[in-house]
Amino acid sequence: MKNIDYSNQIQKEALLNEYKGNLFEFLVAQNLAVKSSLEVDFLFNLPTEYKNRLQSYEDFIRSQGPKLLIDLPLLASCTADAIWNYLEIRQTRFTKWSVIGKIMATNDNDFWNETDIVGSFLNDSGEIKNKTFSLKLTKDHSFTNTKSAGVKSFFIKYFQAFSLQYGDLLTRQQEELNREVDDCFLKMGHKLYAMIDADFQGRFDTHWSNHYSELPGELPEDLKIVVHENYNRIAQKLSLFLNELKNTDSQLFFQSLFALCGFGHREIIQVNCFHQDYRLKAVTIKNRDDLFNIAGKNGANDFKILPLKDLSSSLEIIWGDIVLQIRVKPMNKFTTAAYKINCAIKIKS
């Protein structure tokens, strides 16, 4: 369990979002195990550490948002019903349900990719196969998070389709982006320290931490603008390189978008539970082919990267009826040169 500053509202809300997502994930898997007459085995096979974490998450939610302990099971039940009906799996001989998400971290993350829940079953030949599900709990009409990646490996990892024909281009882009990240961090540090009448020595030390927050949302407005300018410069470079890849080979670029939309694993089934104040609005379920259909038949030749808005840390790619948002964010505190790129999608209605 993480150390919690209960006086810090931003931290409490962030943890509440994380913990409710993990609890929701477990509840959906449990519901599916019940439908498959596998609940006893499902609960018995949960690792002790995982059970303890679930208990700590439940305790935190009970103290900070107790109504969620009523709402989440209802949302999870509806979501499991939707999965069951979508796949018509009543006739499938399921043998096991497993929770794979972040709190069940494995050494095989590249294989599981976005997978949160796995259902193992016997096919007609008696072989054990898996159905893999990505699960999201999202406010209605909001972007759904699909991918979080380190900025210093973003191009190499998610545009590796370019490696064979355009390896030098990809390597050059990643190296230039990394230099931009380091340069922007130093510029931000010097500017912020100058504003508090101190000298920046390449890192944020006690001159900063003794008087100011390391979370951008808690800064005074004039300091917050400097941090946002830093993100914007990195986002501008990101936009430049994405356009370069698109113009170099639009087909390879198009293929790379699937992973950023949450379909890095070809067989993944993406399940989104949309709610308004934790009242169910809709459950949507789609696979990679469904995403292609939503984007439209001309998706590979009919998408565009929108220009960044003033001081924005994010850019958008319009792809048929899909909006893919790519945002630069700190890993945690903005006082280290460790940034991540969050991707999220929204389907136009």
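Numerical summary
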| item | result |
| --- | --- |
| Selection status of Lys20, charged (D, E, K, R) and open to solvent by less than 60 Å² (accessible area, probe 1.4 Å) | yes |
| Lone unmet requirement of (1) in contact with a Phe, Trp or Tyr (Cβ under 8 Å, 6 or more places away or on another chain); (2) open to solvent by 50 Å² or more (accessible area, probe 1.4 Å); (3) under 26 Å from Asn230 (Cβ atoms); (4) of a type outside the set (Phe, Trp, Tyr) for Leu311 | (1) |
| Residue in segment 332-349 that is surrounded by fewer than 18 Cβ atoms within 10 Å (Cβ to Cβ), over 14 Å from Thr144 (Cβ atoms) and of a type in the set (A, V, I, L, M, F, W, C) present | yes |
| Every residue from segment 59-93 that is open to solvent by 70 Å² or more (accessible area, probe 1.4 Å), modelled with pLDDT of 90 or more and not in a helix (DSSP H, G or I) | Pro66, Lys67 |
| Qualifying residue in segment 317-335 (condition: assigned to a loop (DSSP other than H, G, I, E, B), basic (Lys, Arg) and farther than 16 Å from Gln255 by Cβ) | yes |
| Boolean, Asp321 is modelled with pLDDT under 95 and closer than 18 Å to Phe143 by Cα | yes |
| Any chance Ile234 is among the β-branched types (Val, Ile, Thr), crowded, with 20+ Cβ neighbours inside 10 Å and in a helix (DSSP H, G or I) | yes |
| Residue pairs meeting the criteria (Cβ under 7 Å; at least 6 apart or on separate chains; first open to solvent by less than 20 Å² (accessible area, probe 1.4 Å), in segment 25-50; second assigned to a loop (DSSP other than H, G, I, E, B)) | Glu25/Gly101; Glu25/Asp116 |
| Of the criteria (1) of a type in the set (A, V, I, L, M, F, W, C); (2) closer than 23 Å to Ser148 by Cβ; (3) open to solvent by less than 30 Å² (accessible area, probe 1.4 Å), which one Phe274 fails | (3) |
| Filter result for Ser120 (modelled with pLDDT of 90 or more, outside any helix (DSSP H, G or I) and over 15 Å from the mean Cα position of the chain (by Cα)) | yes |
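The values are calculated or read from the model by the stated rules, or taken from the named source; none is laboratory data. Everything numeric here is computed off the predicted structure, so don't read it as measured data. Every residue, glycine among them, receives a Cβ derived from its backbone with ideal geometry; neighbour counts consider all protein chains shown. Calculation scope for accessible area: heavy atoms of the full protein, side chains included, ligands and nucleic acids excluded. Shrake-Rupley method; radii C 1.70, N 1.55, O 1.52, S 1.80 Å.
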